[in-house]
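First comes the structure, then the notes that go with it.
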Amino acid sequence: MAKIRAPNIIFPSIFSEDFMSSSRRNFFQDAAAFTAGLFGLSTRLDAAVPQSSAAPAEKNSPHHYALAPKSKSARSHDHPHVPVITPDVPDLPFTLDGTTKAFRLRAEPVKRKIAPFKTIDAWGYNGSCPGPTIQVTQGDRVRIIVENALPESTSMHWHGLEVPIEQDGVPFISQKPIAPGETYTYEFTVHQEGTFFYHAHSAMQEMIGLLGLFIAHPQSSYAPHADHDYAIVLQEWAILPSNTVPNTASMEFNWLTFNGLSAPSTTPLIARLGSRVRLRFVNLGMDHHPIHLHGHQFVITGTEGGRAPESTWYPTNTVLVGVAQAKVVEFEAKYPGDWMIHCHLPHHMMNSMMDLLSDRQIQTANTTDAKALSQMQTLANDIGVEHVHHSPIAENANSVPGFPQDAFMEMGMDAAVAKPETYGLPANWSAGMMGMMTMVRVLPDKQFEEIQSLIRNHQTPKPEEHHHAS
Ligand SMILES: [Cu+2]
């Protein structure tokens, strides 16, 4: 594995104030020409292909995607849309039976490492939780064979899709439940376009993870063309400290995930500077999530009902994704930088440090980074947590009512979560990432291509050594 030097050495200019302000100035100066060039740019990014088939990842490991090199056949009339990428979740392959696309989903228990120090026992499909993403094109005939490898009966509902009643997947009402060990075949024609989901039609099975994305690409492509199309499933979990099994009867949640992972384990979204980015958020949980994007305005271009007419689009930067809803947003990635995308509910921007308090008996934060570092290394050396990032705190901090708030909750885990998509992030970036968070990394051509190359070559650069200012 190639050792690659750290970000702020390789890309010094991107993170400097000078670069940011001058690039913004240039942007405004060149705005007209830039916008005019957008449509031309989009053909460069045509073929984003999942690499999970080329390199089958072990269960629960992140799935990485690279943009394929530009090919002559990848013209917009041949490939009217880029495939949806669901970070950290594989796509579901299909076989063709005549013109019918046949998929197989196996409902089963799944172990999921949702954070460097937390692995849970969820249920999911084909080893993944959320289940693999289904992608079809409007008009397709689809067959989905559902195998039940759970210890109890189940069924499958196609949320938002207009299917005949016998395909609706509601136990006893539209079908007999699928018993353990049995399979059931669903078949229907998809006449809609949009962001749909599949899920077991049983509340507690949904809350333990039996759900996934069902994307129907439109027959004629959406305009304007999106260069990147990312999907994120929002979930919340109630898991007591020292436990691995979610409490699906709970109404209070301590773990919040994007695509089954809590930040900083979530894989950053990579976007080329100047590209148009589509984000699809799907919520099948118990809470509503106001999802906020830093540094850019977006428009809401679709819901669980499909594409919204352009006359309804308005600029905003926060979208409330309600339970059972999909919200699709689009924006032009105008400003270079690593921009956070996160649920803005404060408790959804946290990981459950109670697990560490319980399992590791971590004490109140120490007063200097050096002391805190030694505290953490002693107590948590085996979980990939490098240090407590809280310095400086006051000498009397531990005697102040209310302390600590965030001081001991921020832990750098750069090495534990390193992957190609995190290459170039500043040291200790992971300390500020928790719960329902990820980021979109808007990168100029050179840095964008470097990361694409790392993804294609399955290289995970070693993060920079942290330096502690004690
Ligand atoms: Cu939330």
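The values are calculated or read from the model by the stated rules, or taken from the named source; none is laboratory data. Note that the structure is predicted; figures quoted are calculated from it, not measured. Neighbour counts run over all protein chains shown; Cβ positions are idealised from the backbone, glycine included. Calculation scope for accessible area: heavy atoms of the full protein, side chains included, ligands and nucleic acids excluded. Shrake-Rupley method; radii C 1.70, N 1.55, O 1.52, S 1.80 Å.
Whenever you get a sec, compute what percent of the accessible area on region 221-362 sits on carbon and sulfur atoms (1.4 Å probe). That share works out to 58 percent.
Ranking request for peptides 208-215, 239-246, 269-276: highest mean number of other beta-carbon atoms within 10 Å first, then the rest in descending order.
Values: 208-215: 26.9, 239-246: 15.2, 269-276: 22.5.
Ranking, from highest mean packing down: 208-215, 269-276, 239-246.
Would you mind checking Lys111/Lys176; Lys113/Lys176; Lys118/Lys446; Lys111/Lys334; Lys111/Lys419 for any pair whose Cα atoms are more than 32 angstrom apart? Violating the 32 Å Cα-Cα cut-off are Lys113/Lys176; Lys118/Lys446; Lys111/Lys334. Computed over protein heavy atoms with a 1.4 Å probe, the carbon and sulfur contribution to the accessible area of region 84-181 reaches 55%. Summing charges over all other residues whose Cβ lies under 10 Å from the Cβ of Ala326, with Lys and Arg as +1 and Asp and Glu as -1, gives +1. All other residues whose Cβ lies under 14 angstrom from that of Ser250 are scored, Lys and Arg at +1 and Asp and Glu at -1, for a net of -4.
For region 131-284, what does the accessible surface come to per residue with a 1.4 Å probe? Please give it in Å².
Per-residue value: 32 Å².
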